[in-house]
Amino acid sequence: LVIVPPCINKYYVLDLQPENSFVAHAVASGNTVFMLSWRNAGPEISHLTWDDYLEKGVFTASRAAREICGSDRVNALGFCVGGTLLGAALAVLAAKGDDAVASATLLTTMLDFTEAGQLGVFVDEASVRAREAAIGERGILPGSDLAFVFSSLRANDLVWPYVVNNYLLGGRPAAFDLLFWNSDSANLPGPMYCYYVRNTYLENRLKQPGALVNCGVPVDLGKVKLPVFVLSTREDHIVPWRSAYRTLSLLGEEKTFVLGASGHIAGIVNPPANKRRSYWVGEPYPDDPDAWLKDAREVRGSWWPFWSEWLARQAGGTRAAPSAPGSARYRPIEPAPGRYVKQKAN
């Protein structure tokens, strides 16, 4: 299982603590898990493009996982922007006739940006042109800029309570793993960021067959035929669940859609021990997401076991786990979580 996390934050949101680790759940379910740790962009990589993130990120990780495991194929999972990268990568593989990915899981991911949610408020032609002029060929988008945008989307939860408690009352915020991760943003290379924003939020070209060329081939999501598991969350303010639902009409032949409770992060980090939340499932999948929800079945508990059962059907037979990490070519570099996680933005 190769996990492509969002490059605007650190990967450890899926492995925060033993009791709420999605990675630990995946491993306990019988998967060998690989997860990309995106580098916090500095001047030395300020020229990297969207294609570089595909070639040097998604495809390189997939090749390494296949060699280490001695497998011809991998299952892949993308989360948020990582899911958008994975969607583009799958289209590139399909155009090349490469079946290296056996199945795809997309968590709170948009491939159709027709209704882009609250983030769309911050994107218009003038703002994108200004960014392109400043950092479009080489430069850095500071992580602090992204952190400000995401905090502004939920100011009542992420800004004002801390102004009152910390600044006015002199209190100290309680330790909260998800909020710590939320504030641990990363810098992005300017060319990569500008390409992403223009071709998704502004012009919505990823969903248009042949409108983009990535890694030298036309991008057509309709050519992606592998099994796809799409998970969105009902209160997501970053990736509206109805927008994520539209992925079903863009790619895949064997499709599974699950609607989780809660929001963009809390709905993902939802371990089975947490009995408070629910998820919704059901077939068929009509074009109208609200028509689907009307007939969907609510299931109490976490969606993680449901996903694990789905993934097991894609994974083939079991084999003995490796006795040590890595391989002769891909040797372990250092203990987890690795140096990139420890580098702070700006």
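No lab work stands behind these numbers, since they all come straight from the coordinates. Quick caveat: nothing in here was measured; it's all calculated off a predicted structure. Neighbour counts run over all protein chains shown; Cβ positions are idealised from the backbone, glycine included.
A few comments on the model shown:
- Length-normalised contact order for the range 2-342 - Cα pairs under 8 Å, 6+ apart - percent: 22 percent
- The range 292-298 - phi-based ³J(HN,Hα) in whole Hz, Karplus 6.51/-1.76/1.60, Gly and Pro as x: 4, 4, 4, 9, 6, 9, 7
- As a size descriptor, the averaged projected area of the C-alpha convex hull of the range 2-342 was calculated at 18.1 nm².
- Computed extension length for VAL121-ARG205: 28.4 nm, one decimal, from 0.36 nm per residue of separation with the Cα-Cα distance subtracted.
- Rounded to 5, the percent of DSSP beta bridges in the chain classed as antiparallel: 35 percent
- Computed E for GLU137/VAL341 - FRET, C-beta separation, R0 35 angstrom, nearest 0.05: 0.75
- Structure note, pairs LYS10/LYS294; LYS223/LYS255; LYS96/LYS225; LYS56/LYS96: Cα-Cα distances above 24 angstrom occur for LYS10/LYS294.
- Summing Lys and Arg as +1 and Asp and Glu as -1 over all other residues whose Cβ lies under 15 Å from the Cβ of GLY317 gives a net charge of +2.
- DSSP-assigned coil residues among GluC sites (Glu not before Pro) in the range 231-325, each with at most 16 further Cβ atoms within 10 Å: GLU235, GLU253, GLU254
- Charges were assigned to the Cβ only: +1 to each Lys and Arg, -1 to each Asp and Glu. The resulting dipole of the chain about its Cα centre is roughly 720 debye.
- For the range 20-128: span of alpha carbons on each principal axis (Å, largest first): 49, 32, 31
- Summed side-chain charge close to ARG129 - residues other than ARG129 whose Cβ falls under 13 Å, Lys, Arg +1, Asp, Glu -1: -2
- Remark on LEU141: its backbone amide H falls under 5 Å from those of LEU188, GLY190, a criterion applied only to residues 5 or more positions apart or on other chains, H modelled at 1.01 Å from N.
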